[in-house]
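The values are calculated or read from the model by the stated rules, or taken from the named source; none is laboratory data. Quick caveat: nothing in here was measured; it's all calculated off a predicted structure. When we count neighbours, we look across all protein chains shown, and the Cβ atoms used for this are built from the backbone with ideal geometry, even at glycine. The accessibility values were calculated without ligands, DNA or RNA, using every heavy atom of the protein model including side chains. Shrake-Rupley method; radii C 1.70, N 1.55, O 1.52, S 1.80 Å.
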Amino acid sequence: METKLIYQALDEVAADAVAVVFFEDGEGLPQAKTWLDEMRSSGEFTGKSGEIATLHQPQGLKAKRLIAAGGGKKDKFDAAVLRKIAGTVVRAVKQKGVKKLAWMLSGDNDTVTAEAAIEGAILGNYEPVMNKPSSEAKPLESFALVAPAHLAELEAGLKRGVILAEAQNFARDLGNQPANLMTPTIIAQQAQQMAREFGLDVEVLDRERMKQLGMGSLLGVAQGSDEPPVMIVLKYQPVGVKSNGKAGDHLALIGKGVTFDSGGISIKPAQDMEKMKYDMCGAAAVLGAMRAIAQLKPSVPVTGIVPSVENMLSGRAQRPGDIVKSLSGKTVEVLNTDAEGRLILNDAITYAKRLGCTHLVDAATLTGAIVVALGHVHTGAFTNNQDMLGRVLAAAKEEGENMWPMPLDDDYRELLKSAFADLANIGPRWGGAITAAWFLREFAEDTPWVHLDIAGTGWLDEAAPHLAKGPTGVCVRTFAQLAARWA
Ligand code: BES
Ligand code: ZN
Ligand code: ZN
């Protein structure tokens with residue numbers, strides 16, 4: 001989809017449709033008052049959030065349709081609401097013959113507004129059709145933001161929004177591919193191709209290399225599959241900043257890349273097992289964020305680390321009760337082979353620290369328990385460092401991604417005790433998202449770290465008005481923003 005910024009008045013805009021936001025309390029673009037009054041008095045439109053009404057061949061306008069988009073209450077309107085509304089309008093009109101959509105920005109325009117509108121549009125225009133050439137998806141061809149006069153802030157917002165939303169759609173593409181078409185090897189190829197395109201350094205550790213290093217925890221998960229595991233390392237280095245040592249901060253983004261989670265010998269029920277192709281959405285978020293970071297060029301060095309395996313059953317698969325030795329030297333008793341995410345992430349966390357990373361964030365579809373706790377609304381956020389959590393939550397808020405802090409008190413730690421190893425890979429039934437997070441914390445140790453459990457927010461089981469069914473690309477924007485605002 002082509003995106004652009006044009007400077008025109010409402011009646012000059014030539015497009016298949018031009019959209020204007022109106023609020024419940026009657027406010028909206030003054031230029032559009034006549035047409036809006038018509039729609040309101042007919043009872044077709046009230047301005048409630050998410051509502052859409054169409055006026056065909058509006059008199060006095062060049063555009064073929066005027067779309068009234070409900071903005072809800074004006075005092076509750078912010079970038080997050082605008083992003084959703086733009087996505088909702090795009091998804092509604094693209095099914096109804098509109099190819100060229102224009103979007104009127106209202107009075108108080110700045111970078112954030114332009115960015116949110118363009119992001120909503122690009123995210124809303126996305127359909128997962130790569131394996132369905134016969135699909136009836138009819139994407140928009142162009143989306144134009146319309147402002148009354150030239151403003152540098154708008155140009156900047158448009159540019160940033162395009163970078164972030166395209167990176168998020170890239171992550172959604174990775175997540176949408178089924179497990180036969182998105183193996184660890186293919187994720188590594190995708191990462192290499194992306195790195196080449198956007199100028200990042202990339203290294204892929206193979207099984208042999210991981211054996212030499214001693215990543216026994218990750219390799220234990222991988223051993224049941226015929227698909228070889230990988231550890232992908234992507235590096236963004238700002239010009240003029242040393243990567244580690246005394247030079248300062250170095251951020252690591254770590255993402256769970258289980259391309260299919262059958263559960264292993266502790267096998268999952270057949271019902272819904274196909275959804276476990278999404279168990280690499282944390283990895284996708286990291287790759288998407290690195291793609292955006294390569295273009296936004298923040299001043300902090302960022303390393304993206306993606307441990308990727310397939311969790312399968314076979315004569316070589318690891319058994320419940322097996323004990324593995326992690327890269328950190330700590331031994332783990334594998335009481336449940338379905339708690340595999342933490343087994344691959346711990347080696348990635350230790351590796352990140354060895355590479356000199358000073359601050360760690362991970363994203364993982366880690367537990368069903370987080371979905372019980374927070375549903376599909378909030379990502380669960382865990383930390384060993386409140387300052388670090390504050391930074392992540394601030395970035396998430398700016399990007400309109402819902403995250404909620406979860407407890408991680410010492411009282412939960414003892415639930416991971418094992419009689420035979422340094423720790424067990426599961427605790428008792430209750431509080432499963434917290435014991436999973438504590439497991440990771442054991443490896444982060446004192447390095448400031450935030451863990452984001454995206455099992456409830458990583459994909460949509462059904463389409464939303466503003467977003468297609470499937471992977472959401474959650475965390476891409478938060479991660480990119482975290483890096484961009486680091487200093
Ligand atoms: N990938 C799953 C977590 C998951 C479940 C994500 C449902 C999305 C939806 C993870 O590897 C897993 O299986 N976790 C187990 C842990 C348990 C064995 C302690 C779980 O949550 O049931
Ligand atoms: Zn599992
Ligand atoms: Zn899993």
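Structure notes:
- Kirkwood Rh and Cα Rg combined as Rg over Rh, evaluated for the stretch 375-429: 1.11
- Antiparallel DSSP beta bridges within the stretch 2-148, as percent of all bridges there, nearest 5: 25
- Evaluated at q = 0.16 Å⁻¹: base-10 log I(q)/I(0), Debye formula over Cα of the stretch 140-267: -1.01
- Unit Cα scatterers, Debye sum, the stretch 1-85: log10 I(q)/I(0) for q = 0.12, 0.21 Å⁻¹: -0.34, -1.02
- Taking every C-alpha pair closer than 8 Å and separated by at least 6 residues, the mean separation divided by the residue count of the chain gives a relative contact order of 16 percent.
- For the cross-link pairs Lys4/Lys100; Lys94/Lys159; Lys96/Lys275; Lys268/Lys330; Lys62/Lys159; Lys48/Lys74, the ones whose C-alpha atoms lie over 19 Å apart are Lys94/Lys159; Lys96/Lys275; Lys268/Lys330; Lys62/Lys159.
- Given charges at beta-carbon only (K, R positive; D, E negative), |dipole| of the chain in Debye: 640
- 3J(HN,Hα) from dihedral phi, the stretch 214-222, Karplus parametrisation 6.51/-1.76/1.60, rounded to Hz, x for glycine, proline: x, 7, x, 6, 5, 5, x, 5, 5
- Carbon + sulfur, % of accessible area of the chain - ligands and nucleic acids excluded, 1.4 Å: 51
- Potential lengthening between Lys76 and Thr34 on full extension [0.36 nm per residue; Cα-Cα distance subtracted]: 12.6 nm
- Only the Cβ atoms of Lys and Arg (+1) and of Asp and Glu (-1) were treated as charged; on that basis the dipole of the stretch 2-148 about its Cα centre amounts to roughly 500 debye.
- Residue-averaged [θ]222 nm for the chain, counting only DSSP H segments that reach four residues, each worth -39500 (n - 2.57): -10500 deg cm²/dmol
- For the chain, the spread of Cα coordinates along the three principal axes comes to 78, 52, 42 Å, biggest extent given first.
- Cβ-Cβ FRET estimate between Ser42 and Lys96, R0 fixed at 22 Å, reported to 0.05: 0.70
- Were the residues from Arg209 through Ser134 laid out at 0.36 nm apart, the gain over their Cα-Cα distance would be 22.7 nm.
- Taking every protein chain into account, the accessible area of the chain amounts to 41 square angstrom per residue (probe 1.4 Å).
- Axis angle, to the nearest 10 degrees, between helix 386-398 and the longest C-alpha principal axis of the chain: 30 degrees.
- For the chain, the longest principal axis of the Cα atoms and the long axis of helix 152-176 meet at an angle of about 50 degrees.
- Within the stretch 413-487, the proportion of Cα pairs with more than 16 Å between them is 66 percent.
- Accessible area, probe 1.4 Å, largest first, for residues Glu51, Glu399, Glu27: Glu27, Glu51, Glu399
- Local electrostatic count, Thr46, Cβ distance below 11 Å [Lys/Arg +1, Asp/Glu -1]: -2
- Listed residue (Ala284, Ala464, Leu55) projecting farthest to the positive dipole end of the chain, Cβ model: Ala284
- Enclosing the Cα atoms of the stretch 2-148 in their convex hull gives a volume equal to 104 cubic angstrom per residue.
- Rounded to the nearest 10 degrees, the angle from helix 184-198 to the longest Cα principal axis of the chain is 50 degrees.
- When you count the other C-beta atoms within 10 angstrom of each residue and take the mean per peptide, 469-480, 176-187 line up highest first as 469-480, 176-187.
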